[in-house]
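**Student:** Before we start, here is the structure in question, set down as structure tokens.
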Amino acid sequence: MTRPCDILIQAACIVTQDGLRTVVENGALAVADGMVLDVGPREAVAAAHAPARVLDLGDALVLPGLVNAHTHAAMTFLRGVADDLPLMEWLTQHIFPVEKHLTPDIVEAGALLGCAEMLRTGTTAFNDMYLIQDATYRAVDKAGMRCLGGEGIFGFPSPAYPDADAGLALVRQLHERWRHNPRIRQCVTPHAVYTTSPELLQRCQALAEELDLPLHIHLAETTTETAQCQQMFGQRPVPYCHGLGLLTPRATVAHAVDLTDDEIELLARTGAAVAHNPESNMKLASGAAPVVRMLQLGVPVGIGTDGAASNNSLNMFTEMTSCAMLHKLRCMDPTCAPAQAVLDMATRGGAAALHWPGLGQLAPGCPADLTALDLTAPNLQPMYNPVSHLVYAATGHEVRLTMVAGEVLYQDGRFTRFDYPVLVAQMRDVRRWVLDKLGR
């Protein structure tokens, strides 16, 4: 007897990223109510299900939607505004001066453009920290993606609130406003050790525990941050945050570049996850996070793009390539950071960094979040090892289709939920606004 399903997806190859890392040639995937019912050989899955719709992708490779473990989606509006600078100079002299004038409309437009870029290159979920986050959530809701997000909490006024008390109150409001949306989840996001106080970090942790939310913070990004933290608080960033109670299984720390061996072991013992941002760290010369050692010790590691102002893209395929190459060079070992480990970070590791079980894999009972690449692209021919192709050969622009919860959000150049040409025109106006704020 056949089981009804909403969609039967057929493709030349399915990389499931399930517990066994099963790869199915000439495969099919059955979807019902936004969830994966079955995945396996095409004939067997087709015979077992009665679909309302068949989506035959032909010579395509289907894989789980990629999970961007750390970004600032709305910062697409600052892409390329200031490059080739150290982190603190880039932030304090070019980014913060524009951000103090932010409006909800600017944030929403930038975030929607970020969603468009991520959908176009196969990302279905992301971990976001920014300002006026309610506007980002509106963009996410419009685009149909999944997002774990939080209002950046500072120890000084931001465009969204006059002081830290109001910032924490805003986190509560956003949690209440969006908690019934199945694709948007809230986290508590203190910005960094150098923009907060010990008391504020402890209040953020207490709020995360009270509301049972994840906590997301930039941590140990540069040696400059380490020196600042030692000067301000007498400790290096990781032990400082651990002493304040922030490093727990609910925490995701972004960057984790400047670490000692003892600090890596501390992250492993506490169960905190790490969002690794190789391209941003390289571009800002922040350093290379010791990811190989983290993985050896069992630290959950996802891959993030960081914001488009410091990358300058939100493309997880190029991020995977950079991750693999960076660590082979850092370790002077071509066998470290193999393709499967990198793909794991961009899928299952990202799910761990978002504290969102079920993402990053295509298996029965998991969300039907996926993307499909055109295997007829010249750079994907011939194919001997699908996982190798995903990490070393794909660019992201072979993506033909991106789906979240069984809903097609992008297919063959068309976004299904919003008018992309209108968005492009809107970004031209945003560019003029930025240039005006910079006095150019």
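**Student:** Tell me the strands (runs of 3 or more DSSP E) entirely within the range 1-57 that contain at least 1 residues that are without any contact (Cβ under 8 Å) to a residue 24 or more places away in the chain.
**Tutor:** It comes to 23-32, 35-41.
**Student:** May I pose another question? Is the range 90-98 home to any residue that is at pLDDT 95 or above, assigned to a helix (DSSP H, G or I) and of a type outside the set (Phe, Trp, Tyr)?
**Tutor:** For the range 90-98, residues at pLDDT 95 or above, assigned to a helix (DSSP H, G or I) and of a type outside the set (Phe, Trp, Tyr): absent.
**Student:** Here is a list of conditions, (1) over 14 Å from Ala135 (Cα atoms); (2) surrounded by fewer than 21 Cβ atoms within 10 Å (Cβ to Cβ); (3) among the aliphatic types (A, V, I, L, M), and Leu170 meets all of them except one; can you say which number that is?
**Tutor:** So Leu170 meets the others, but not (1).
**Student:** May I ask you to verify whether Ala341 is outside the structural domain of Ala28 (by TED's automatic domain parsing), hydrophobic (A, V, I, L, M, F, W, C) and modelled with pLDDT of 95 or more?
**Tutor:** When the stated conditions are applied, Ala341 passes them.
Residue-by-condition table, conditions (1) in contact with a strand residue (DSSP E or B) (Cβ under 6 Å, 6 or more places away or on another chain); (2) assigned by TED's automatic domain parsing to the domain that holds Tyr137; (3) more than 28 Å from Val391 (Cβ to Cβ):
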residue: Asp18; (1), (2), (3): no, no, no
residue: Ala32; (1), (2), (3): yes, no, yes
residue: Leu37; (1), (2), (3): yes, no, yes
residue: Ala50; (1), (2), (3): yes, no, yes
residue: Ala60; (1), (2), (3): yes, no, no
residue: His72; (1), (2), (3): yes, yes, no
residue: Gly80; (1), (2), (3): no, yes, no
residue: Asp83; (1), (2), (3): no, yes, no
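**Student:** Out of all the residues in the range 250-266, is one or more assigned by TED's automatic domain parsing to the domain that holds Phe233, farther than 23 Å from Phe233 by Cβ and surrounded by fewer than 24 Cβ atoms within 10 Å (Cβ to Cβ)?
**Tutor:** Looking for residues that are assigned by TED's automatic domain parsing to the domain that holds Phe233, farther than 23 Å from Phe233 by Cβ and surrounded by fewer than 24 Cβ atoms within 10 Å (Cβ to Cβ), one finds none in the range 250-266, hence no.
**Student:** Still on this structure, please answer the following. Quickly run through the range 386-440 and pick out the residues that are β-branched (Val, Ile, Thr) and either over 19 Å from the mean Cα position of the chain (by Cα) or not in a helix (DSSP H, G or I) (or both).
**Tutor:** Val387, Thr395, Val399, Thr402, Val404, Val408, Thr416, Val422, Val424, Val430, Val434
**Student:** For the condition surrounded by 22 or more Cβ atoms within 10 Å (Cβ to Cβ) and either without any contact (Cβ under 8 Å) to a residue 40 or more places away in the chain or touching a Lys or Arg at 6+ places or on another chain (Cβ under 7 Å) (or both), what is the one hit in Val342, Val422, Val404, Val391?
**Tutor:** On inspection, the qualifying residue turns out to be Val404.
**Student:** Turning to a different aspect of this structure: Of all the residues that make up the range 138-187, how many are hydrophobic (A, V, I, L, M, F, W, C) and assigned to a helix (DSSP H, G or I)?
**Tutor:** Qualifying residue count, the range 138-187: 11.
The values are calculated or read from the model by the stated rules, or taken from the named source; none is laboratory data. Everything quoted here is computed from the prediction, not taken from an experiment. A quick note on method: Cβ atoms are made from the backbone with ideal geometry, for glycine too, and the neighbour counts reach across all protein chains shown.
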